[in-house]
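Step one of this worksheet: look at the structure below.
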Amino acid sequence: MTIQTFTTPSGDKMVVLPQAEYQDLIDAYNHAIAMRDIAAGNLETLTTEEALAYVAETSPLRFWRHKRGLSQAALASQVGISQAYLAQIETGVRAGDVPLCAKLAKTLRIRMEDLVID
């Protein structure tokens with residue numbers, strides 16, 4: 001790790017490091033937080049079978065809807081859209097806007113990021 005330190009004129013101690021190493025530190029921190037949340041039961045995990053189903057599913061939205069035991073009609077009704085519109089979002093024909101994705105995530109008890117394919 002390549003680290004440089006210096007003190008500002010106001011006395012603050014500062015650290016400078018390459019961006020890739022900074023990102024590694026952030027990733028390690030986020031991993032530690034996730035492991036803490038899993039251990040405390042605050043973060044949902046998937047079984048091996050569920051992870052395989054997630055990968056095989058046509059969209060994350062469809063996976064989470066199925067996992068929560070909801071029909072398209074039921075989920076669409078809960079978030080205030082038509083079943084046809086939800087079907088188009090699940091198949092990638094249409095994209096939901098940010099407020100809709102936030103409603104879907106809240107209803108499914110997941111993060112918005114869990115609805116996005118990387």
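Since every read-out is calculated from the coordinates, none of them should be taken as a lab result. Model, not experiment: these values are computed from the prediction.
What to note about this one:
- Relative to the current alpha-carbon distance between Ser59 and Arg36, full extension at 0.36 nm per residue lengthens the span by 5.5 nm.
- Amide H contacts under 5 Å for Arg94: Ile89, restricted to partners 5 or more places along the chain or on a different chain, H placed in the peptide plane at 1.01 Å from N.
- Note, ³J(HN,Hα) from phi for segment 97-109, Karplus 6.51, -1.76, 1.60, rounded to Hz, x at Gly and Pro: 6, 4, x, 5, 4, 5, 5, 4, 4, 5, 5, 7, 6
- Sum of -39500 (n - 2.57) over DSSP H runs of 4+, divided by residues of the chain (222 nm, nearest 500): -17000 deg cm²/dmol
- Average Cα contact separation per residue, the chain, under 8 Å, 6 or more apart, as relative contact order %: 15
- Derived scalar couplings between HN and Hα for segment 67-82 equal 4, 7, x, 10, 7, 4, 4, 5, 5, 4, 4, 5, 9, x, 10, 7 Hz in order, rounded to whole Hz, by the Karplus curve 6.51 cos²θ - 1.76 cosθ + 1.60 (θ = phi - 60°), x for Gly and Pro.
- Table column - 3J(HN,Hα) (Hz), segment 38-45, Karplus curve with 6.51, -1.76, 1.60, x for Gly and Pro: 5, 4, 7, x, 9, 10, 6, 10
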